[in-house]
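For reference, the structure discussed in these notes is given below.
The values are calculated or read from the model by the stated rules, or taken from the named source; none is laboratory data. Source: prediction; values computed, not measured. When we count neighbours, we look across all protein chains shown, and the Cβ atoms used for this are built from the backbone with ideal geometry, even at glycine.
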Amino acid sequence: MSESLHLDPIACTAHGLCAELFPERISLDDWGYPVIDSTEIPPELSEHARRAAASCPALALRLERRGRGRALEGAARSAG
C-alpha cells in the first residue's frame, strides 16, 4: 500500500508547521505556504508524514493511502 500527501490550498493558512515536521517532502514558498512533493512516501518516512498531516492546524494536509484500486483518506487525524 502506498501513501502520498495532498494539500487543500483553500483551507491552508500558512502556519508552516508541516514543513518543520516533514522537511523531506514539504518546503515553503515565498509567502509561507507549503509546496508538497506528492510522490509516493517510502515506508521509512511514513511516520513523519502522518505526524505532519495530523498536526496541521487548518486540517489542510491529508495523507492518502492507495491500495487495491481505491483511495483511503487520512487515518492520521483519527490516529492522533
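Note on region 1-45: among residues that are under 10 Å from the mean Cα position of the chain (by Cα) and among the small types (Gly, Ala, Ser), the one that is farthest from residue 64 (Cα to Cα) is 19. Suppose we keep only residues that are surrounded by fewer than 19 Cβ atoms within 10 Å (Cβ to Cβ) and small (Gly, Ala, Ser) within region 20-60. Which one would you say is farthest from residue 2 (Cα to Cα)? Among those residues, the one meeting the criterion is 32. On inspection, residue 16 qualifies as at pLDDT 95 or above and at positive phi.
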